[in-house]
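A short reminder: the numbers here are calculations on the coordinates, not readings from a lab. Only a predicted model underlies this, so the values are computations on that prediction, with no experimental measurement involved. Heads up, the Cβs are rebuilt from the backbone with ideal geometry, glycines too, and the neighbour counts pull from every protein chain shown.
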Amino acid sequence: MTTLAYLNGRYVDRREALVPVDDRGFLFGDGIYEVTRAWNGALLEAEAHLRRLRCGIDALALDGVPDELPEISRALLRNNGLLTGHALVYWQITRGVATPRTHHYPPADTPLTIYASATTFVPPDAARATGVGTITVPDLRWARCDLKTVNLLPNVMARQKAVATGAWEAIMVRDGAVTEGAATNVFGVIDGILRTHPRSNYILHGVTREIVSELAAGIDLPLREDPLLVDEIPHLTECFLTGTTTDVMPVVTIDGHPVGDGRPGPIAGRLHAALIARWSMG
Ligand code: PDD
């Protein structure tokens, strides 16, 4: 079956959605991306994802992004038969094709490369039922982790290290404190208090992180935006990951050591149920 993608103003067969080798996304990683979930055709937390994408567009000074991104996302879902079940909409915007290769930005009238696709998605519910293993790795990234750029090599290498050791996610540590996962935000529970890294330039401001924080307030779970220290890991009674492709995922081991009683914890369970209830209500 043909899958339709959006590239630079046109809907094309995804196999023909090709980008020239002089694209600055390919040469420099000079671009941003966004991943949004859809459920039965509805884009979940669409405004928050769009807001973050717009922040990235402004920070990278990418001029010329059309206003119709939500309409294009919906057309991709519709035209790819994704109006039932779970799907992902992926957006990537780069500074476009420019020669000669220069580190500085090309002329302002260089057209951006604007790409989007919609694909079916299977939420990781089997992993959620058992909880997942994680490893800690040094956070080797730059100081603008709040920008969702396509420069993902440290995240890719961290996740690969996790997978190669049979773990599900790599938890990154900077200066003795947990920042986030390779593609998730991290929450822990110590003495009944939820903890997560504050919104800063050292983490991606996850949309799911924000919603889960709101949901925690709604069920009277105290939350402190204070980074978890590595030294505190043995005292965690629970730990979980959040993300668009993860929802709320209980962590049952860190570096081979059990978290709490080594089983998915009740707080992660309650927050996941609250998240699904929020989306079910539309
Ligand atoms: N990643 N931190 C990082 C480094 C991420 O890449 C992501 C998401 C998150 C969670 O953010 P959100 O809740 O907004 O999805 C945190 C996406 C899913 C990805 O790269 O595929």
Residue set 97, 89; condition surrounded by 17 or more Cβ atoms within 10 Å (Cβ to Cβ) and either within 30 Å of residue 280 (Cβ to Cβ) or in contact with a Ser or Thr (Cβ under 6 Å, 6 or more places away or on another chain) (or both); output residue 89
Does any residue of region 260-276 turn out to be within 12 Å of the ligand (Cβ to nearest atom) and surrounded by fewer than 21 Cβ atoms within 10 Å (Cβ to Cβ)? yes
Exactly one of 47, 34 is assigned to a helix (DSSP H, G or I) and closer than 21 Å to residue 242 by Cα, and that residue is 47
Number of the condition not met by residue 122 [criteria: (1) within 29 Å of residue 28 (Cα to Cα); (2) among the β-branched types (Val, Ile, Thr); (3) assigned to a loop (DSSP other than H, G, I, E, B); (4) in contact (Cβ under 8 Å) with a residue 12 or more places away in the chain]: (1)
Filtered residues of region 175-212 (kept if within 13 Å of the ligand (Cβ to nearest atom), among the aliphatic types (A, V, I, L, M) and assigned to a strand (DSSP E or B)): 178, 186
Quick check on region 149-165. Is at least one of its residues within 14 Å of the ligand (Cβ to nearest atom), assigned to a loop (DSSP other than H, G, I, E, B), under 30 Å from residue 277 (Cβ atoms) and hydrophobic (A, V, I, L, M, F, W, C)? no
Do we have any residue at all in region 76-97 that's within 16 Å of the ligand (Cβ to nearest atom), farther than 19 Å from residue 147 by Cβ and in contact (Cβ under 8 Å) with a residue 60 or more places away in the chain? yes
